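For reference, the structure is listed below as structure tokens.
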Amino acid sequence: MSLTNSPDPAIREAVVQQDLKTVLHPIVQHKTLETKQFVVAGAQGSTVYDADGTGYLDAMAGLWCVNIGYGRTELADVAAEQMRQLSYFPHWAMNAPAAGLADKINGLMGGGYHTYFVNSGSEANEAGFKIARQYMKHEYPGEYRFKTVSRYFAYHGTTLATLDAGGMGERKAKFEPFSGDFVHVAPPYCYRCPFGLSYPSCGLACVKNMETTILGEGPETVAEVIVEPIMSGVGVAVPPDEYLPEVESLCRKYGILLHVDEVINGFGRTGKMFAHQHYGVSPDIIAIAKGISSAYLPIAATVVKNNVFDSFYGDPSENRQVVQVNTYGGHPAAAAVALRNIEILEAEMLTERAAEMGKYLFDGLTGLTRHKIVGDVRGKGLLLGVELVKDRVSKEPVEAAKITAIVDFCRANGLLVGRGGGGRRFGNTITLCPPLVITRGECDQIVETLDRALTTLDLT
């Protein structure tokens, strides 16, 4: 069956019936799929098309990932050519696409890094945890440094360890209890400062909280700190400029590794190739995924600074090698596609475009503050959030039903937007993460559709 040509109701219905009988979808409640289906059949640029031929501006780039936009046939050509030459071989051996991609990533990071390939952002962070722990066993014999310091309301993946590292209670509740190896601290969520303070007079209380936690746990028990430069899942929380450098200083002070999660933030999304580059820090471990291939094929990576890599280097008899393996890691076709994707990002100056279009879209979104329900507009580059509240003074979040109504209104009017994943308490932010190829006209469409959605909501 194919839905790529002219729409055919009979084919669409056959797909729906197959799906309902055999597919287990993530996140979605299947009961709703019995009456409300969204069958995607094609995509081009920033637009996806359903099986009826209706187009939708995808303001979430799939799942925060289609950075270069849809329909890039050159990536299909690269994949096909590589598959004909070498479709697969385990990455204990070398292959040209993975070597070329690692070299490219090293250059994008400014040099001094080695890359370990995996399949997804969750696996990239998971591998980072393991590398940090093994590194500490090598470098601090006799000390039991195993803990990761993370932040509440963070999201780092869907495996048990990455869920534990994340700080979203509602996402974790059905899988508890966890190991307790991940210690959480207050996030730099300035709009909702956990300490009731305001920047800059706060004195970065969130960093002080992190140091107090490290001291309370004992630095000799802590392996690493993990942060997203910009917290995506909770609703695009952008920290003060000094925050990440101060966190890095803490890590250096106590001999702790700095693990930066660039899974969503990376590959041009925020107006820099990587978001940590806005802040001038030099992470020890960096998780990358999503935009690395713009999701044309699954690939991700854990990037480590050379001094971390050196800890795993030695005579085979020392058994210092990374105790980690991934069947599809360094997959030649995925690596070839990722390398071509990065070449497109650079050739079309999409990182610079993200900065330009991000400012244009941000300026348009600030006009939505005429609606009393809009509490905050924030973001960097083409990673943006519009937080909705019942009252601007109390900042009480709007009801989940109202967020759902806005998301549904947008879809009904040809626009796909996201919502913060903070659960019942902080799931009140409309999130935007469009392809970096988005045009000014499409930015205007986003603002106009949200404006109409909020106007409709104002009247209910």
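Mind checking which residues of segment 181-194 are assigned to a helix (DSSP H, G or I) and more than 15 Å from E246 (Cβ to Cβ)?
So in segment 181-194, the residues assigned to a helix (DSSP H, G or I) come out as 190-192.
Of everything in segment 181-194, those that are assigned to a helix (DSSP H, G or I) and more than 15 Å from E246 (Cβ to Cβ) turn out to be Y191, R192.
Count, please, the residues in segment 111-136 that happen to be part of a loop (DSSP other than H, G, I, E, B) and free of Cβ contacts under 8 Å to residues at least 60 places away in the same chain. Don't jump to the end; show me each part of the working.
Restricting attention to segment 111-136, the residues satisfying the condition of being part of a loop (DSSP other than H, G, I, E, B) are 111-112, 119-120.
Those still in the list that are free of Cβ contacts under 8 Å to residues at least 60 places away in the same chain too: 111.
Selection size over segment 111-136: 1.
For every residue, the table says whether it meets (1) closer than 30 Å to Q37 by Cα; (2) out of contact with any strand residue (DSSP E or B) (no Cβ under 7 Å at 6 or more places or on another chain).
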residue: T366; (1), (2): no, no
residue: K372; (1), (2): no, yes
residue: G379; (1), (2): no, no
residue: V386; (1), (2): yes, no
residue: G414; (1), (2): yes, no
residue: G420; (1), (2): yes, no
residue: T429; (1), (2): yes, no
residue: L432; (1), (2): yes, no
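If the requirement is being part of a loop (DSSP other than H, G, I, E, B) and surrounded by fewer than 17 Cβ atoms within 10 Å (Cβ to Cβ), which of these qualifies: L197, L215? Steps first, answer last, please.
On the way: L215 fails: part of a loop (DSSP other than H, G, I, E, B).
Exactly one of L197, L215 is part of a loop (DSSP other than H, G, I, E, B) and surrounded by fewer than 17 Cβ atoms within 10 Å (Cβ to Cβ), namely L197.
Can you go through I299, I285 and tell me which one is closer than 24 Å to G218 by Cα and in contact (Cβ under 8 Å) with a residue 60 or more places away in the chain? Spell out the reasoning first.
On the way: I299 fails: closer than 24 Å to G218 by Cα.
Exactly one residue qualifies, and that residue is I285.
Identify, from the list A405, A401, A412, the residue that is more than 22 Å from P240 (Cα to Cα), touching a residue at least 40 places away in the same chain (Cβ under 8 Å), of a type in the set (G, A, S) and not assigned by TED's automatic domain parsing to the domain that holds Q277. Before you say what the answer is, go through the steps one by one.
Values: A401 fails: touching a residue at least 40 places away in the same chain (Cβ under 8 Å); A412 fails: touching a residue at least 40 places away in the same chain (Cβ under 8 Å).
So the residue among A405, A401, A412 that is more than 22 Å from P240 (Cα to Cα), touching a residue at least 40 places away in the same chain (Cβ under 8 Å), of a type in the set (G, A, S) and not assigned by TED's automatic domain parsing to the domain that holds Q277 is A405.
Out of the residues in segment 63-88 that are part of a loop (DSSP other than H, G, I, E, B) and touching a Gly at 6+ places or on another chain (Cβ under 9 Å), state the one that is nearest to G235 (Cα to Cα).
Ranking the qualifying residues of segment 63-88, first place goes to C65.
What residue, of N95, N125, is at pLDDT 95 or above, touching a His at 6+ places or on another chain (Cβ under 6 Å), over 19 Å from D310 (Cα atoms) and surrounded by 14 or more Cβ atoms within 10 Å (Cβ to Cβ)? Break it down into steps so the answer makes sense when it comes.
On the way: N95 fails: touching a His at 6+ places or on another chain (Cβ under 6 Å).
One residue alone meets the criteria, N125.
Residues that are within 27 Å of D50 (Cβ to Cβ): which helices (runs of 4 or more DSSP H) entirely in segment 337-432 hold 3 or more of them? Step through it out loud before you land on a result.
Working: elements: 350-366, 400-412, 423-426.
Fully inside segment 337-432 and qualifying: 350-366, 400-412.
Is segment 5-14 home to any residue that is of a type in the set (D, E, K, R) and under 21 Å from L297 (Cβ atoms)? First the steps, then the outcome.
Residues of segment 5-14 of a type in the set (D, E, K, R): 8, 12-13.
If we keep only those that are under 21 Å from L297 (Cβ atoms) as well, we get none.
Scanning segment 5-14 turns up no residue that is of a type in the set (D, E, K, R) and under 21 Å from L297 (Cβ atoms).
Condition check: closer than 26 Å to A400 by Cα, without any contact (Cβ under 8 Å) to a residue 24 or more places away in the chain and assigned by TED's automatic domain parsing to the domain that holds M136. Does A186 satisfy that? Working first, answer last.
Numbers: closer than 26 Å to A400 by Cα: yes; without any contact (Cβ under 8 Å) to a residue 24 or more places away in the chain: no; assigned by TED's automatic domain parsing to the domain that holds M136: yes.
Against the criterion (closer than 26 Å to A400 by Cα, without any contact (Cβ under 8 Å) to a residue 24 or more places away in the chain and assigned by TED's automatic domain parsing to the domain that holds M136), A186 does not qualify.
Residue by residue through segment 373-398, note down the ones that are in contact (Cβ under 8 Å) with a residue 24 or more places away in the chain and out of contact with any helix residue (DSSP H, G or I) (no Cβ under 8 Å at 6 or more places or on another chain). Step through it out loud before you land on a result.
Filtering segment 373-398 down to residues in contact (Cβ under 8 Å) with a residue 24 or more places away in the chain leaves 373-376, 378-389, 395, 397-398.
Listed by number, the residues that qualify are G385, V389, V398.
Give the residue, chosen from V234, V185, that is in contact with a strand residue (DSSP E or B) (Cβ under 7 Å, 6 or more places away or on another chain) and at pLDDT below 95. Explain how you work it out, then say what you get.
Details: V185 fails: at pLDDT below 95.
On inspection, the qualifying residue turns out to be V234.
Consider segment 218-236. How many of its residues are surrounded by fewer than 23 Cβ atoms within 10 Å (Cβ to Cβ) and either part of a strand (DSSP E or B) or β-branched (V, I, T) (or both)? Let's see the steps before the verdict.
Keep residues of segment 218-236 that are surrounded by fewer than 23 Cβ atoms within 10 Å (Cβ to Cβ), which gives 218-221.
Filter again for either part of a strand (DSSP E or B) or β-branched (V, I, T) (or both), leaving 221.
Of the residues in segment 218-236, 1 are surrounded by fewer than 23 Cβ atoms within 10 Å (Cβ to Cβ) and either part of a strand (DSSP E or B) or β-branched (V, I, T) (or both).
Give just the number: which of (1) touching a residue at least 12 places away in the same chain (Cβ under 8 Å); (2) under 26 Å from A132 (Cβ atoms); (3) surrounded by fewer than 21 Cβ atoms within 10 Å (Cβ to Cβ) does P239 not satisfy?
The single condition P239 does not satisfy is (3).
Conditions tested, residue by residue: (1) outside the structural domain of I230 (by TED's automatic domain parsing); (2) assigned to a helix (DSSP H, G or I); (3) within 24 Å of the chain's Cα centre (by Cα); (4) surrounded by fewer than 16 Cβ atoms within 10 Å (Cβ to Cβ).
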residue	(1), (2), (3), (4)
H138	no, yes, no, yes
P141	no, no, no, yes
Y144	no, no, no, yes
H156	no, no, yes, no
D164	no, yes, yes, no
G167	no, no, yes, no
K172	no, yes, yes, no
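Among the residues of segment 431-453, write down those that are farther than 30 Å from E346 by Cβ, buried (at least 22 other Cβ atoms within 10 Å of the Cβ) and in contact with a Leu (Cβ under 7 Å, 6 or more places away or on another chain). Even if it seems obvious, please write down each step before you answer.
To start, the set of residues in segment 431-453 that are farther than 30 Å from E346 by Cβ comprises 448-453.
This time we only want the ones that are buried (at least 22 other Cβ atoms within 10 Å of the Cβ), so: 450, 453.
L450, the sole residue that qualifies.
The values are calculated or read from the model by the stated rules, or taken from the named source; none is laboratory data. The shown structure was predicted, so the numbers you read here are calculated from the model rather than taken from an experiment. FYI the Cβ positions are ideal-geometry reconstructions off the backbone, even for glycines, and counts take in every protein chain you see.
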